[in-house]
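For reference, the structure discussed in these notes is given below.
The values are calculated or read from the model by the stated rules, or taken from the named source; none is laboratory data. Quick caveat, the model's predicted, so the values are computed rather than measured. No Cβ is skipped: glycine too gets one built from the backbone with ideal geometry, and neighbour counts run over all protein chains shown.
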């Protein structure tokens, strides 16, 4: 289908053991036989300081302007194209690196923007926001450039940066979420990722979280503005799009792969969400994703 790149695939003196890397965007060394679109096994934050580009992530297009942060989560199909004089930074890190010095996993789970990039993949930065995050990034740059760079220091500086970004993103929301809601939602998303092909019932996920279906729905609605059922269906729809565009599976095989026992029901669900049948969608998207010639 499409390749999955790891941090090790990007040759850089400013990388640590395939766990962390910070590079100027314009200096990134792409892997040999670079393919597009592709996936990452790691998180990436791109700070576009200057220039513009178009970023397509899981089949949604976003125009990136100067002074923007763009977030990519592991497993997302993405394509960065039409880049014009982009200057900035790429910060890449794994989940394991995030947890390295954080004995309280809930503190990491509370960083909701990392796994909400399906819905909110970028953040426009005001001058005040830049003044908040730039000093931290400069400290990370100084540390990663040392000959005796420290994993512990980099880990803590990254955690500080991510919490700044989390706070900046929260300013745009009109409501305030408590940590329990945020952590519960992220656990829900992780359970979906493990089981969405075989489990679509809310009672299954509510049981894993030791709460009622009603309570789960309330939390998901508060965090995302969508119902828990919609979040599950969106994950299946995203996978259907990936398989339609990047696999040779028949539509019937895709339906079966995603756990739909009734092929016609899968087609109706897809059309109601996307506005076109699976076959029409495959035809429409083939040229866009298979014949692209410029990408990051």
**OP:** Taking only the stretch 33-47 into account, find how many residues are touching a helix residue (DSSP H, G or I) at 6+ places or on another chain (Cβ under 9 Å) and surrounded by fewer than 17 Cβ atoms within 10 Å (Cβ to Cβ).
**Re:** 1
Original post:
Which of the residues that make up the stretch 48-78 are in a strand (DSSP E or B) and in contact with a helix residue (DSSP H, G or I) (Cβ under 7 Å, 6 or more places away or on another chain)?
Top reply: 69, 71
Subject >> Extreme residue, surrounded by the most Cβ atoms within 10 Å (Cβ to Cβ), among residues of the stretch 137-148 that are in contact with a strand residue (DSSP E or B) (Cβ under 7 Å, 6 or more places away or on another chain) and under 20 Å from residue 99 (Cα atoms) >> reply: 144
Subject >> Boolean, residue 194 is within 26 Å of residue 96 (Cα to Cα), in contact with a strand residue (DSSP E or B) (Cβ under 9 Å, 6 or more places away or on another chain) and either touching a residue at least 40 places away in the same chain (Cβ under 8 Å) or not in a loop (DSSP other than H, G, I, E, B) (or both) >> reply: no
Original post:
Scanning for something under 18 Å from the mean Cα position of the chain (by Cα) and closer than 15 Å to residue 91 by Cβ, does the stretch 191-198 turn up at least one residue?
Top reply: no
Subject >> In the stretch 262-277, the residues that are part of a loop (DSSP other than H, G, I, E, B) and closer than 12 Å to residue 240 by Cα >> reply: 277
Original post:
Taking the stretch 106-134 only, how many residues are modelled with pLDDT of 95 or more and closer than 26 Å to residue 17 by Cβ?
Top reply: 1
Original post:
Can you find even one residue in the stretch 275-294 that is closer than 30 Å to residue 214 by Cα and modelled with pLDDT of 85 or more?
Top reply: yes
Original post:
Here are 90, 81: which of them is modelled with pLDDT of 90 or more, within 30 Å of residue 240 (Cα to Cα) and in the same structural domain as residue 43 (by TED's automatic domain parsing)?
Top reply: 90
Original post:
residue 245 versus (1) free of Cβ contacts under 8 Å to residues at least 60 places away in the same chain; (2) more than 13 Å from residue 189 (Cβ to Cβ); (3) assigned to a helix (DSSP H, G or I): which is the lone unmet condition?
Top reply: (1)
